[in-house]
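Written below as structure tokens is the structure these notes are about.
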Amino acid sequence: MAAPWRDVVRDAAAVREAAAVAVDAALLAGGLMRTGEQPHASDVVNYAPFTLLPSTVPRALFEQAYAVQQDFNLLVDAISQNKEFLEQTLASTIKVDDFTAQLFRIYMQVLEEGLAQTVFLGINRSDYMFDCELDGTAALRQIEINTIAASFGGLTSRTADVHRLVLKVLGKTEEASNLLPNNPAKGLALGIAKAWELYGSQRAVVMFLVEEIQRNIFDQRCVENELWNRNIRVIRRRFRDVFEQGSLDASRRLYMDGQEVAVVYYREGYVPQNYDQQNWEARLLLERSRAVKCPDIATQLAGTKKVQQELSRPGTLEKLLPGCPEAIARVRATFAGLYSLDEGEEGDRIAATAIADPDRFVLKPQREGGGNNLYGEELKQVLEKIKDSPERTSYILMDKIKPQPALNYLLRAHSPLQVSECVSELGIFGVYVRQGQELVLNQAAGHLLRTKAIEYADGGVAAGVAVLDTPYLV
């Protein structure tokens, strides 16, 4: 997959000029993040890191990723409604993983009490890499599906315009016109707005549940501003605010500072560090409420790695999506090899195989957010340590995907301009809304391409490893 600007990469003067234009264009377009030094201040910002040049993506695989997104939306929604499947699948994990266990306890508690929520909103992002097969062809392979706080739908909508300008500066006007428009923020806001409308109270607000440190605030503001443009009022609160000021009335309507909340959109709550005892109590209060949670706790559990591994077992998709053979075939075609480390003969064999040949695999804990996976020697050391312990059931094993690297420049504030061998990961945003048993919205909402230097095995943009990118379809 040779990029049509391979010649440019080696032209130092052209690269320097294009990089200067690119940085100014990113700042002009609002591709911004707060700084690590002053993460609470919006008057000290810099550009979100991005590639100088768009990266090539096989058109057929890009279209395949879009085509399967509605199927993944249906699948996540089906899992979230299947108590028996979640119970069976997570039974071994919740014995050894405290975080998943605590989520599961809240899930069971709200089910026993009876769900007050009648409208369900899913915003997810299915992430893929392009695996280089032995015959040289590339195949689409799913890395994971993020069902909570799937980020960068806002900032990525700014990136294509920057790359369009860069290509023009480099004399690639025709190629610039081939870059696709992309605005996930608009699609995500459409889903939130639909859920707000179906909740049925014009006075109610949408609450963004946000982290204590909000470096990525502008990404969220892109979605927020789309809602304000629809005259939907948005408030931003943290877990601690919910604990201190949140309340439910007799009908389990959620109130914050006296304002009724129609939709809670989580941009927080996906890793153990997000919780202390007060935050867990706040989470329970939110889950017990009538408000539309995005995601509700069942949908967050549907995004765990253990569920991902279980979906690859023969017959599982057929049980979850009965009567949908075409959708099942599309979903299954994206799966990489996934293996259980549950206790027993199969788990023992898989663990031994991975210890003997660690470079073939990735070891994944039940975590979102990038930077958690284990590779190579580290994978081997961890597995050797836990191979005879129940702790190994808190992980899954996945075949390591081997994409074809390409040369690019990764533009980061205060970093030297140098060429890197890079690989990319494509994410497709999906949005769905269900009222009772009726699916009223189900669509792909845009894409996110992230690129990183090959020396980094794991980690996303927020983790400081990958950078924003734009696909150039070939």
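The values are calculated or read from the model by the stated rules, or taken from the named source; none is laboratory data. Values in this document were obtained by computation on a predicted structure and should not be read as measured data. Here the Cβ positions follow ideal geometry from the backbone for every residue, glycine too, while neighbour counts run over all protein chains shown. For the accessible areas, the whole protein counts, side chains as well, though only heavy atoms, and no ligand, DNA or RNA atoms are used. Shrake-Rupley method; radii C 1.70, N 1.55, O 1.52, S 1.80 Å.
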(request) Diagonalise the Cα gyration tensor of region 323-421 and give the resulting equivalent ellipsoid semi-axes, square root of 5 times each eigenvalue, largest first, whole Å. (result) 30, 22, 13
(request) Please work out the C-alpha center-to-center distance from region 14-93 to region 209-228 and express it in whole Å. (result) 14 Å
(message) Using only the heavy atoms of the protein chains and a 1.4 Å probe, how would 450, 203 rank by accessible area, largest first?
(response) 203, 450
(request) Would you mind checking the pairs 306/400; 83/385; 83/452; 293/385; 83/402 and listing those with alpha carbons more than 27 angstrom apart? (result) 83/385; 83/452; 293/385; 83/402
(message) Give the aspartates and glutamates whose C-alpha is closer than 19 Å to that of residue 168, dropping any in the same chain fewer than 8 places away, or say none.
(response) 7, 11, 17, 24, 469
(message) I want the local charge near residue 232. Using Cβ-Cβ distances under 10 Å, sum +1 for each Lys or Arg and -1 for each Asp or Glu among the other residues.
(response) -1
(request) For the chain, give the magnitude of the charge dipole about the Cα centre (Cβ charges: +1 Lys/Arg, -1 Asp/Glu; no others), in debye to the nearest 20. (result) 1020 debye
(message) So if I place +1 on the C-beta of Lys and Arg and -1 on the C-beta of Asp and Glu, and nothing else carries charge, what would the dipole magnitude of region 337-400 be about its Cα centre? I want it in debye, nearest 20.
(response) 200 debye
(request) Just the number, please: carbon plus sulfur as a percent of the accessible area of the chain, 1.4 Å probe, no ligands or DNA/RNA counted. (result) 47 percent
(message) Just to be sure I understand: if I project the alpha-carbon convex hull of the chain onto a plane and average over all orientations, what area do I get in nm²?
(response) 22.4 nm²
(request) Only helical DSSP H runs with n ≥ 4 go in: add -39500 (n - 2.57) per run for the chain, normalise by residue count and round the 222 nm mean residue ellipticity to 500 deg cm²/dmol. (result) -11500 deg cm²/dmol
(message) Sequence gap at least 6, Cα distance under 8 Å: using those rules, report the relative contact order of region 1-57 to the nearest whole percent.
(response) 35 percent
(message) Looking at the chain only, what percent of DSSP beta bridges run antiparallel? Nearest 5 please.
(response) 80 percent
(message) Need one value: the accessible area of residue 40 in square angstrom, 1.4 angstrom probe, rounded to the nearest 10.
(response) 120 Å²
(request) Give the share of C-alpha pairs in each 10 angstrom bin for region 379-474, from 0 to the last occupied bin, in whole percents, shortest bins first. (result) 12, 29, 25, 24, 10, 0
(message) If you count only protein heavy atoms and use a 1.4 Å probe, how large is the accessible surface of residue 257, to the nearest 10 Å²?
(response) 70 Å²
(request) Could you name the aspartates and glutamates whose alpha carbon sits less than 17 Å from that of residue 387, not counting residues in the same chain fewer than 8 places away? (result) 97, 342, 343, 345, 346, 348, 357, 377, 378
(request) Taking 7 Å along the Cα-to-C-beta vector as the label spot, tell me the residue 353-residue 418 distance in nanometres, rounded to one decimal. (result) 3.9 nm
(message) Just want the answer: with Cβ charges of +1 for Lys and Arg and -1 for Asp and Glu, which residue in 325, 104, 228 is farthest toward the dipole's positive end in the chain?
(response) 228
(request) Using the charge dipole of region 273-334 (Lys, Arg: +1 at Cβ; Asp, Glu: -1 at Cβ; taken about the Cα centre), state which of 300, 279, 316 has its Cα farthest towards the positive end. (result) 316
(request) Can you check what the net charge comes to around residue 178, using other residues whose Cβ is under 13 Å from the Cβ of residue 178 (Lys, Arg +1; Asp, Glu -1)? (result) +2
(message) How much accessible area per residue does the chain have, counting only protein heavy atoms and a probe of 1.4 Å, in square angstrom?
(response) 41 Å²
(message) Please report the net charge: other residues with Cβ closer than 11 Å to the Cβ of residue 448, K and R +1, D and E -1.
(response) -2
